[in-house]
Each structure stands twice: as C-alpha cells, then as structure tokens.
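Structure first, commentary second.
The values are calculated or read from the model by the stated rules, or taken from the named source; none is laboratory data. The shown structure was predicted, so the numbers you read here are calculated from the model rather than taken from an experiment. Ligands, DNA and RNA are stripped out before the accessible areas are found, and what is left, the full protein with its side chains, is counted by its heavy atoms. Shrake-Rupley method; radii C 1.70, N 1.55, O 1.52, S 1.80 Å.
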Amino acid sequence: MSYSDYPSVLLIYTGGTIGMRRNPETGALEAFDFDQLQEHVPELKRFNYRISSYQFNPPIDSSDMEPSLWTKLVRIITDNYEEFDGFVILHGTDTMAYTASALSFMLENLKKPVILTGSQLPIDMLRTDGKENLIASIEIAAAKHEDGASIVPEVCIFFENQLLRGNRTTKINAENFNAFRSYNYPTLATAGIHIKYEYDRILKPD
C-alpha cells in the first residue's frame, strides 16, 4: 500500500477556541499555528491517514465569520476536492451552525464529507473537549463503504459524540460540552467505543 493510497483529509483551521492556548504569563487566550495544534494532539500522528492543513491567517473569531469567508471556504474545498477523501473545518462555536448551513447549500451534490467541529475549551487545557471532537471528525471524514464511497457525503457538525446535519443544527449552550442540538432531524452518527452510523438518515449523492 503506497502513501497515496492512505485515506486523506484536509484540515481547514478558521479559528475559534479549539486553536487557542492560554499565555502562561498573562493568562490571556492566544491563537497558535497548526503545527502547535499537532503538538497538543499527538494522536493525529497515529492515524494512517494523509492529513494536510490550511490555516486562515489571521484566525477568524467566529463572531466575524461572514459570507465572503463562507465563499473562501467553498473555494478551498473546491480547489482541493479531487485531492482529498474528506474535509474537517475547525471553527468557533458561536456561528458554526450558520457556516454549516450556508456551506450545505453552497456545496451542492457533495460526494465527500465536510465536517465542522470545534471545542468549548482550548485544546491545551487538561479537560478540553477539542481532542475527541477533532479525532472523531477526522475519522468520519475519512470513513468509506466497502465500495469506496464516502459514508457521510454531506456537510455536518460533529460535537460531543454526535454527528448532526449541518443545516438542521443549532447552538444551545455555551457552558456545557453538549453545545449543539438538531431539533428537527435525528442524529446521523454517535461516537462511543465505535462510531455508529445511522445509514438510512444520511444523504445520498443525487
């Protein structure tokens, strides 16, 4: 099996809490670059995946996310669409549901996963939820059926063990790790010991 045969995922870091760390001298939260993110999540190196990254510079606070940046995200995905099996967007939680909904309409007839995720706590904090969210999102973005088709060919949000349809998701809580809910469409997958997909609920390419 050559290196090019391994599942491939493009990580797109837009900003948000998941890519922040606390300055030990000032106590202020600061953004760090993606190389440092890999330092804090050494588990990424254990994936037998080709993981590449694109970083917004400077990182965007999710309150500043706007249509021109949605267009930028779509362009990044379009330009790299043939090169990768799936895409993971790291995003601030406050406007993640808006971005997911917009992308779901801008990226019509997807055949590959676009998974948005983030965290409530910075990834360098002891109790961060960022590691599990990131690792499971990458696994879902690379997941395929035996025939080689992507298992989840749509725009989704993964947060706190649940995979939710992007345009059916709302942020409901700023204090708990379980920050998102889909009130009018059921969960697409649940991450426990294994990731359990609800195949009948997942969109099929038209």
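Note on region 60-132: the C-alpha convex hull projects to 5.4 nm² when averaged across all orientations. Accessible area of the chain with a 1.4 Å probe: how many percent of it is carbon plus sulfur? Roughly 47 percent, rounded to a whole number.
Straight-line cross-link reach from Lys72 at under 22 Å between alpha-carbon atoms covers these lysines, not counting any fewer than eight positions away in the same chain: Lys111, Lys112. With both residues required to sit in the chain, DSSP beta bridges show an antiparallel share near 45%.
Only helical runs count toward this figure. For the chain, summing -39,500 (n - 2.57) over DSSP H runs of n ≥ 4 and dividing by all residues gives -6500 deg cm²/dmol at 222 nm.
In the full protein context, the chain carries 52 Å² of accessible surface per residue, based on a 1.4 Å probe and ignoring ligands, DNA and RNA. Here, the chain is characterised by an Rg to Rh ratio of 0.94, where Rg is the alpha-carbon radius of gyration and Rh the Kirkwood radius.
Sorting Tyr13, Tyr54 by accessible area puts them as Tyr54, Tyr13; the probe is 1.4 Å, largest comes first, and only protein heavy atoms count.
Within a straight-line Cα-Cα reach of under 21 Å, Lys45 can be paired with the following lysines, leaving aside sequence neighbours fewer than 8 residues apart in one chain: Lys131, Lys144. Which aspartates and glutamates have a Cα lying under 17 Å from the Cα of Lys196, excluding residues fewer than 8 positions away in the same chain? Of all the aspartates and glutamates, those that pass the test against Lys196 - Cα under 17 Å, at least 8 places apart if same chain - are Glu132, Glu139, Glu146, Glu154, Glu160.
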